[in-house]
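Undergrad: Before I ask anything, let me first share the structure, which is written out below as structure tokens.
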Protein chains: 4
Amino acid sequence: MAAKKPIAVVIGVGPGLGASLARRFATGGYSIGLIARNESNLEPLQKELEQQGHTVLSVKGDAGDVSSIKNAFNTIRTQLGNDPEVLLYNPSGFVYKSILDLKPEELQNSLNISVVGALAASQEVLPAMVKNGKGTILFTGATASLRGSSKFAGLAASKFALRALAQSMARELGPQGVHVAHVIIDGQINTPRQVKGQPDKDIDSFLNSDAIAETYWQLHVQPRSTWTQELDLRPYVEKF
Amino acid sequence: MAAKKPIAVVIGVGPGLGASLARRFATGGYSIGLIARNESNLEPLQKELEQQGHTVLSVKGDAGDVSSIKNAFNTIRTQLGNDPEVLLYNPSGFVYKSILDLKPEELQNSLNISVVGALAASQEVLPAMVKNGKGTILFTGATASLRGSSKFAGLAASKFALRALAQSMARELGPQGVHVAHVIIDGQINTPRQVKGQPDKDIDSFLNSDAIAETYWQLHVQPRSTWTQELDLRPYVEKF
Amino acid sequence: MAAKKPIAVVIGVGPGLGASLARRFATGGYSIGLIARNESNLEPLQKELEQQGHTVLSVKGDAGDVSSIKNAFNTIRTQLGNDPEVLLYNPSGFVYKSILDLKPEELQNSLNISVVGALAASQEVLPAMVKNGKGTILFTGATASLRGSSKFAGLAASKFALRALAQSMARELGPQGVHVAHVIIDGQINTPRQVKGQPDKDIDSFLNSDAIAETYWQLHVQPRSTWTQELDLRPYVEKF
Amino acid sequence: MAAKKPIAVVIGVGPGLGASLARRFATGGYSIGLIARNESNLEPLQKELEQQGHTVLSVKGDAGDVSSIKNAFNTIRTQLGNDPEVLLYNPSGFVYKSILDLKPEELQNSLNISVVGALAASQEVLPAMVKNGKGTILFTGATASLRGSSKFAGLAASKFALRALAQSMARELGPQGVHVAHVIIDGQINTPRQVKGQPDKDIDSFLNSDAIAETYWQLHVQPRSTWTQELDLRPYVEKF
């Protein structure tokens, strides 16, 4: 397995954003490590990318479980033969419930997936990034990163917390050459399920996952003199 | 034990803000429930208030442990004979560490104390508040509620998350008559330890815990037509 | 005319908030200077307060005209015989128009009323406040202070600008003993016109102008160790 | 003069960002209209771009003067033979003064340049953009867009106001196909004067104007399904 290419790891890979990120960074010259709870779901994506000549490794890993994340990164480092240069962290727990019904364990679970997992994954890639004075870590936020809406406490608490983590990391690690940015996705992504479920909607009223991935790529290639720490993305018709 | 007075519960009671809150709400006509990890520390405060004729109940409870919180509220309801009308939630975990050294368990612990405990405590008082269409829940935030500073990831993540919880609760519960507000404490409180440790500092460069408590009281007595959801508090010389 | 009492000046006095502020600060022991574009409208309020034994001076002044503001303050200082200790600044220009139709002069006018007038008025009271190391300046913001909504560019630009002014003043003047705070009014105030125009609405779904004024008063009496720079106010049922 | 290429107008063109924006959009296939107070300063840039085969028109225009802006756009439309498809608005007034010394006229001037001019320029390009359901307007913000620092009231008030204008326009015009975004430049740009004045500083501690321009270009080419409304840019070592 060729390991000369730098490695980008995508955590939280479904049919939408995660797959587009893998494609974009593969095209950009990266070997790709994919981490998802059900790695069998990753097979089609892996095959697609391998047929195009890219190196892809799919690993089972649960973002809400620190030791599972550590194991996944160990596998990636061993099998791809290097430390990742890019980390793209997407997972988030979603709960829509009245504050009276939200179980403390559900809140903990959402926090574990969104922010504790983000810390654990970052710690897997940071030592090499800091040593090399180079690296990119991009976190995926949501509307709920900026606003605690009614019945969205579980999501908002964990997304606010992730944003705090991103800021804190950016302030500490930026001067060490590691670019940490936070992307606020405000709207629905054009996953097959979303698009099929709302057949009358203008396709451009969904965020295009390839276009999101292009923005992540552009963040990654920014020179260190001119870094973005946060941006938002939404469809032109989205209310905000 | 007289139980005719309404009940205010203060969680997270040290020699600073918690004690001042207890005094202010006792003076305002409330029976006071105090919850702290070490309830023996609460004895002097309890005695002080009881000597003034106030009703005070001190209960051991760990904000980072959901079942401990539940037990503490059960005790308060049983012994004070009623559901609390006011909840004042102060606890927060503090960690100052490089992102490379912050252990995932430390982050979890901080999140448990700041936000999961806040949810659990709120759920103990909310059913009665919603039923009565009346109640006040005030959360204590910090500088780190708005800013993820370098090496403050643990505190910032949990304080951002608490702020999200407060917003989400305010949006859901406000229309049901429950006032949920978030107070951002930006600076050092005039606890004996802080003041003694910096003897050359102007006493007004520390937040006065009684003045903070007065602001909490003023939030509590706002009529429902004119509620504050968030405010900040800092000394006049504090940089911000 | 007795001039021993300290002076509070209210600029932008209509039947709602301005009148309530005048009443609250009069009750609190202040002589009141009122500045409005049409000072004849102030006669009933002045009479009401004078009958209660308060000292009130009504002065014609246009918040959008710097020299008019200067003249008004000259009159107040001369006739009430002292420098104001409190400034309460409410005026704002309102325009609801498509960005295509908003005239640059309308935007300028809104900026003049909201922010240039606020600067001019502040400069009339600040030299004495700084000299005395004491004073309170409170600015009235709106929903549009935090959000530029569609067709609200005129209001939002001027209210954002006022918020910037308030922050900048707070950071410079706080350490000199002058308390500068910004109050975000989010909702409709219970003016006779609003209430009559929506007879089916719960009265508590309007902000109560007396309750707002009480919050301004509480801000004013905060000790300098424990100052609020910004808070919001809204009815319990207000969407936000 | 060839007018088949779409037109991008840059307002506020100095040796730094404005010039880089002109180069980037020229390279991207646009004819360039340049508007500056002193159009003779634009000659070198115009020559440079013309030698590379680009179409450039330099026009004298004062961002703080609405009729001057109107005239400049009339000239551009007439001479380049079309309506602009892109507007890049950079001008801002800078004043660093104590709030006691900031003249109301200086504040007005800063507001005129930053926000009234931005409205006037936008209104010159919007009718065609709305008609075509297509166009990009990018506003240049600063650190002071988010924070009113001590002695920066003039800059902060006008930059806050510009941000409000950008939000209001984005919310109204987005659904009509016009992309309005706001870029927060947080740090010093690598203009010759800045770099020469601080010879010991790492060149990457200055924002690179070409890299900023690349980000503006990437904002411009985002598909309407996936638009950014706001992002920040700063050097890796910048404190924030």
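Undergrad: Excluding residue B:166 itself, what net charge comes from residues whose Cβ is under 13 Å from its Cβ, given Lys and Arg +1 and Asp and Glu -1?
TA: Net charge in that neighbourhood comes out at +1.
Undergrad: Residue A:57's amide H: which non-local residues (gap 5+, or another chain) put their own amide H closer than 5 Å, with H modeled 1.01 Å from N in plane and none for Pro or chain starts?
TA: It is A:32, A:33, A:34, by chain and number.
Undergrad: Given the C-alpha atoms of the range D:7-233, compute the convex hull and give its volume per residue in Å³.
TA: Given the Cα convex hull of the range D:7-233, per-residue volume reads 123 Å³.
Undergrad: Can you tell me what percent of all Cα-Cα pairs in the range A:132-185 are more than 19 Å apart? Don't jump to the answer; show the numbers that get you there.
TA: Numbers: 464 of 1431 pairs.
Cα-Cα pairs in the range A:132-185 separated by more than 19 Å: 32 percent.
Undergrad: A follow-up question, please. Whose amide H sits under 5 Å from the amide H of residue D:188, counting only residues 5 or more places off or on another chain, with H placed in the peptide plane?
TA: D:207
Undergrad: I would also like to ask the following. I need to check one value: relative contact order of the range D:1-98, counting alpha carbon pairs closer than 8 Å and at least 6 residues apart, in percent.
TA: The normalised contact order for the range D:1-98 reaches 35 percent.
Undergrad: With +1 on each Lys and Arg Cβ and -1 on each Asp and Glu Cβ, and nothing else charged, work out how big the dipole of the protein assembly as shown is about its Cα centre, in Debye to the nearest 20. Please list the in-between numbers first.
TA: Numbers: 96 positive and 88 negative charges, 0 e Å.
With Lys and Arg at +1 and Asp and Glu at -1, about 0 debye.
Undergrad: Shortest first and in nm with one decimal, please list how far the residue B:221 label point sits from its counterparts in the other copies (point 7 Å along Cα→Cβ).
TA: Relative to the other copies, residue B:221 has label-point distances of 0.8, 6.3, 6.3 nm.
Undergrad: Here's a follow-up. For the range D:183-230, count the residues as N, evaluate 2.2 N^0.38 Å, and divide the Cα radius of gyration by that value, please.
TA: In units of the globular-protein estimate, the range D:183-230 measures up at 1.45.
Undergrad: List the trypsin sites (Lys or Arg not before Pro) within the range D:143-240 that DSSP assigns to loop and that have no more than 12 neighbouring Cβ atoms inside 10 Å. The partial results should precede the final answer.
TA: Working: sites: D:147, D:151, D:159, D:163, D:171, D:193, D:196, D:201, D:224, D:239; in loops: D:147, D:151, D:201, D:224, D:239.
Counting only loop positions with at most 12 other Cβ atoms within 10 Å, the trypsin sites (Lys or Arg not before Pro) in the range D:143-240 are D:239.
Undergrad: Can you tell me, using C-alpha contacts under 8 Å and at least 6 residues apart, the relative contact order of chain C as a whole percent? Can you show the working numbers first?
TA: Working: 455 pairs, mean separation 44.4, N = 240.
About 18 percent, as a whole number.
Undergrad: Give me the net charge of residue B:151's neighbourhood, meaning all other residues with Cβ under 13 Å from the Cβ of residue B:151; Lys, Arg count +1, Asp, Glu -1.
TA: Summing Lys/Arg as +1 and Asp/Glu as -1 gives 0.
Undergrad: Here's something else I'd like to know. Cα centroids of the range A:168-201 and the range C:28-71: how far apart, whole angstrom?
TA: Measuring centre to centre over Cα atoms gives 53 Å.
Undergrad: Whole-Hz Karplus ³J(HN,Hα) for the range A:183-196, in order, using 6.51 cos²θ - 1.76 cosθ + 1.60 and θ = phi - 60°, x for Gly and Pro?
TA: Taking θ as phi minus 60°, the curve returns 10, 9, 8, 10, x, 8, 8, 6, 5, x, 5, 5, 5, 5 Hz for the range A:183-196.
Undergrad: Taking the Cα centre of the range C:7-233 as the origin, how large is its charge dipole in debye, to the nearest 20, when only Lys and Arg (+1) and Asp and Glu (-1) carry charge on their Cβ atoms?
TA: Working: 20 positive and 21 negative charges, 62 e Å.
Using only the charged Cβ atoms, the result is roughly 300 debye.
Undergrad: For the range D:1-80, how big is Rg over Rh, using alpha carbon atoms and the Kirkwood form of Rh?
TA: With Rh from the inverse mean 1/r over Cα pairs, Rg/Rh is 0.93.
Undergrad: Is there a simple number for the mean count of other chain Cβ atoms within 10 Å of the Cβ of residues in D:142-151, and what is it?
TA: On the way: counts 0, 0, 3, 2, 2, 5, 13, 5, 10, 3.
Mean number of neighbouring Cβ atoms from other chains: 4.
Undergrad: Taking beta carbons within 10 Å but only from partner chains, what does the mean come to for residues B:89-100?
TA: Mean inter-chain Cβ contacts per residue within 10 Å come to 2.
Undergrad: Using square roots of five times the C-alpha gyration tensor eigenvalues, list the equivalent-ellipsoid semi-axes of the range B:29-132 in whole Å, biggest first. Working shown, then result.
TA: Details: eigenvalues 160, 61, 21 Å².
After diagonalising the Cα gyration tensor, the semi-axes are 28, 18, 10 Å.
Undergrad: Helix check for chain D. Which DSSP H runs span at least 24 Å along their own axis by Cα, with a mean Kyte-Doolittle hydropathy no less than -0.5?
TA: D:153-173
Undergrad: If you add up the charges near residue D:82, with Lys and Arg at +1 and Asp and Glu at -1, over every other residue whose beta carbon is less than 12 angstrom from its beta carbon, what do you get? Don't skip to the answer; put the middle values down first.
TA: Values: positive: D:4, D:5, D:77; negative: D:83, D:85.
Here the charged neighbours net out to +1.
Undergrad: Right, here's the next one. Rounded to a whole number, what is D in µm²/s for the protein assembly as shown from Stokes-Einstein with the Kirkwood radius over alpha-carbon pairs (37 °C, 0.692 mPa s)?
TA: Taking Rh from Cα pairs, D becomes 111 µm²/s.
Undergrad: With +1 on each Lys and Arg Cβ and -1 on each Asp and Glu Cβ, how big is the dipole of the range B:84-219 about its Cα centre, in debye rounded to the nearest 20?
TA: Values: 12 positive and 12 negative charges, 60 e Å.
Value, rounded to 20: 280 debye.
Undergrad: While we're looking at this one, here's another question. How long are the semi-axes of the ellipsoid equivalent to the range B:104-240, from square roots of 5 times the Cα gyration tensor eigenvalues, in whole Å, largest first?
TA: Ellipsoid half-lengths, sorted descending, are 28, 20, 12 Å.
Since every read-out is calculated from the coordinates, none of them should be taken as a lab result. Everything numeric in this text was worked out from a predicted model, so none of it was measured. Please note: Cβ atoms are built from the backbone with ideal geometry, for glycine as well, and neighbour counts cover all protein chains shown.
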